[in-house]
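Undergrad: Before I ask anything, here is the structure I am working with.
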Amino acid sequence: MNPKPSTPIRKKSANLSVGADLLAEARALNINISQAAEAGILQAIAEENARLWRRENQEAIHSSNLYVKEHGLPLSGLRQF
């Protein structure tokens with residue numbers, strides 16, 4: 001359930017090329033091309049941001065993994081399971 005934004009989302013027209021067969025199938029299935037393209041772009045942005053974050057934080061991740069490998073999980077002695 002997504003609440004409606006308090007201000008309208010500003011949209012901008014864009015031209016894009018899509019394979020003819022893909023477009024025909026999407027239309028046959030009554031898929032909203034603009035919404036599908038926007039969802040795909042949002043997913044691509046999220047994936048690229050995650051990749052960049054991992055690259056930027058690679059040293060810290062490696063350091064943390066090395067610490068756990070050498071010393072175990074912090075507070076693991078307090079586990080009750």
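The values are calculated or read from the model by the stated rules, or taken from the named source; none is laboratory data. Just so we're clear, the structure is a prediction, and the values are computed from it rather than from any experiment. Backbone-built Cβ (ideal geometry, glycine too); neighbour counts: all protein chains shown. The protein model used for the area step is the full one, side chains on, heavy atoms only, and it has no ligands, DNA or RNA in it. Shrake-Rupley method; radii C 1.70, N 1.55, O 1.52, S 1.80 Å.
Undergrad: Checking the conditions here, which among L73, L16, L42, L22 is in a loop (DSSP other than H, G, I, E, B) and open to solvent by 90 Å² or more (accessible area, probe 1.4 Å)?
TA: Numbers: L73 fails: open to solvent by 90 Å² or more (accessible area, probe 1.4 Å); L42 fails: in a loop (DSSP other than H, G, I, E, B); L22 fails: in a loop (DSSP other than H, G, I, E, B).
Result of the check over L73, L16, L42, L22: L16.
Undergrad: Right, another one. Output the qualifying pairs, or none if there are none: Cβ atoms under 8 angstrom, residues six or more apart or on different chains, first residue in segment 23-38 and modelled with pLDDT of 95 or more, second residue aromatic (F, W, Y) and part of a helix (DSSP H, G or I).
TA: Correct list of pairs: empty, since none qualify.
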